[in-house]
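Below is one structure; the comments refer to it alone.
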Amino acid sequence: MGMSKPSKLSLQEIFKQQNQRLNGLADGAKIPYVTKLSFAPMLRFWETKTQEDDAAVRLLAAEILAKAKQTPAFWKPIEDLSLLEYHRDTFELLMAGIFPPCLRATQLGRATKPFDLQAFFITPPFEKMLFDQRLKCTVQQQKASVSDMATLRACLLILGEFYGENRQLQPELTFTIEPENGGYRQHFKSLQVAQFFEVVKKKPLKKLSPKHIRQLFDNIFDLEAWLDALPPSHFEIHGIAGYELVDVTSEESISHLRSLLLQKDALTNPQNIPKLETLMKSYLRLPDLHLGILTNLCQDDKNEAARFNLSQGLLKTKPGTSIANASKSRLSVHEKACKYQEFVLVEDFKKLDYPTPTDEALKKAGFNSYLAAPLKGQGNQLIGLLELGSPKAYDLNSFAEWQLREILPEFSRAVERILEETNNRVEAILRDKFTAIHPSVEWRFHQVALRYLERLDSKGKAVMEPILFKDVYPIYGQVDIVSSSQTRNHAIQQDLVAHLNLVKMVLEVAQEKIDFPLVLRYLQRTGQQLEHLEDMMQSSEEPQFIDFILNEIHPLFKEIAAKDPMLSQAVERYFQQLDPRLGLVYDKRKAYEESVSRINDALSDFLDAEDIRVQEMVPHYFEKYQTDGVQFELYAGQSLLQNGHFSTLHLRNLRLWQ
């Protein structure tokens with residue numbers, strides 16, 4: 001209420017609306033101790049301030065006590081809150097001791113009776129926030145329910161008052177305010193700014209030994225044990241408490257951002273991008289903010305991680321497209337950020353004298369202000385861009401850039417971690433599918449590397465010694481498919497004949513529908529090509545036919561398709577029958593290649609299984625290759641063995657196996 005004159009809410013109305021608006025504050029339970037609103041502890045506090053050196057404190061104390069003497073009811077527990085309404089001037093003066101009038105226009109304050117979950121006094125800004133129907137208010141309790149924490153704090157107060165164990169537990173309530181029609185979340189932490197309590201003993205105290213008290217502290221959230229030691233029927237708590245909500249939106253947003261970015265799938269899971277965007281809205285306090293992340297920047301083919309597309313940028317480029325390709329303009333915002341590795345800020349796209357195609361695309365996508373921040377990994381290497389965009393001009397400015405610098409390293413580490421994990425996965429695949437260091441000789445490489453490190457540590461420099469294997473015996477094997485080259489050529493020939501027949505049908509339709517002299521010329525050439533293919537085609541002739549189709553026929557078809565509706569349909573049917581990747585008929589050749597692949601895979605798997613068996617006879621180096629068949633090389637000898645020995649018997653066994 002804050003006694004703010006525009007609303008004129010009654011105390012009962014405040015209680016009612018608090019229950020409706022604050023989800024989680026009133027969790028359906030009250031503390032088991034009787035608590036009463038009483039200004040007596042507060043008034044006794046002011047009695048001690050009448051002789052203060054500070055004139056302001058001394059005068060305020062005198063005024064408060066003078067008013068209180070005119071209202072004796074304020075020295076006793078107050079059961080009927082209408083008394084506060086009746087003595088409004090005295091009540092407001094008492095509240096001035098907790099919430100100074102000069103701060104009430106901005107202070108989010110509330111006053112309650114001891115450990116109560118409902119306020120009987122709220123400052124005007126808190127009232128406005130709490131009862132604004134466009135806002136959704138929730139309360140987060142970190143360790144336990146709100147009422148359980150209040151009960152525990154009451155127990156600690158009693159324990160300190162009568163048993164000399166002074167422990168305090170600050171309430172850890174965080175209010176989250178979220179507009180129901182969109183926008184950004186605000187977080188406020190509840191801090192106790194005033195406490196005027198007294199504990200009234202109603203029955204004799206239970207005896208508590210030091211051991212019993214230690215057990216209570218060892219199980220601090222065992223409320224049943226606390227209430228058994230300090231029975232609620234033995235005590236009443238009178239007084240008043242004041243609380244202030246402090247804006248911790250930035251701190252909470254950064255904390256949640258860091259927590260989310262530590263997750264393994266922080267950037268690879270599409271569901272996390274909207275979460276990151278929501279947190280950035282709160283952190284920068286920009287309700288219309290949009291966030292994008294681009295990591296497919298590297299043009300170096302050796303960087304395997306760069307091929308793994310993690311990007312979800314503000315401009316929806318195709319997966320795998322690099323920023324350099326997506327931004328054709330030399331001076332695009334993306335390229336500026338990548339080239340100079342600095343922040344690129346556009347406060348208002350409309351103010352740009354020479355907008356680039358990327359600028360126009362961002363503006364067309366609804367963004368009027370934009371910020372691109374480079375993400376850097378180890379060695380200051382560029383690994384991505386963080387994009388922020390807003391439909392409002394000047395939403396993103398130098399202040400937003402300054403704020404972003406604090407959290408940017410967290411995004412960089414998240415991207416770097418994902419790229420590193422991707423590189424590891426690529427390396428694992430390469431090790432699994434291809435031979436780098438064969439397991440049989442890996443021990444030798446480890447030995448050489450260890451000696452290299454020993455020399456490097458002792459002398460500061462070292463040269464890697466050559467790795468040689470002497471006195472080894474080679475064994476070779478090869479399996480080939482008979483007449484595979486002729487079969488392949490025949491499959492290609494059949495596909496080319498089928499393709500040229502499709503071309504011929506389209507040209508015949510074109511000859512009928514339009515007047516285009518080149519059509520007749522290409523119809524004749526197509527016929528000549530088909531006649532030539534009736535004989536066996538040479539493998540060297542394949543590029544000539546493909547060049548004729550891709551570089552002469554296809555441009556012709558795209559040109560004449562627009563000249564007649566039926567011709568357009570014929571061209572469309574033609575392209576639908578081609579392989580989308582090759583732009584050619586790919587039926588017989590595909591069947592041939594799949595057949596060869598299945599045969600080779602079966603042979604390769606068989607050789608792998610056999611090698612596992614033979615490795616148990618004697619360890620050896622084994623490597624196989626696949627072309628139109630499978631061939632392998634096997635090397636065996638004493639120098640390849642880390643342990644054991646190699647004899648002519650082992651060699652004879654291997655040759656017999658071969």
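Shown here for region 480-536: GluC sites (Glu not before Pro) in loop regions (DSSP other than H, G, I, E, B) with at most 12 other Cβ atoms within 10 Å, namely Glu534.
The alpha carbon convex hull volume per residue for region 206-255 rounds to 149 Å³.
Overall form of region 504-658: prolate. Here a/c, set by the Cα gyration tensor axes a ≥ b ≥ c, is 1.5 or more, and a/b is the larger of a/b and b/c.
Values in this text are rule-based calculations from the coordinates and carry no lab data. Not measured: the values here are computed from a predicted model. In this analysis, Cβ positions are derived from the backbone assuming ideal geometry, glycine residues included, and neighbour counts consider all displayed protein chains.
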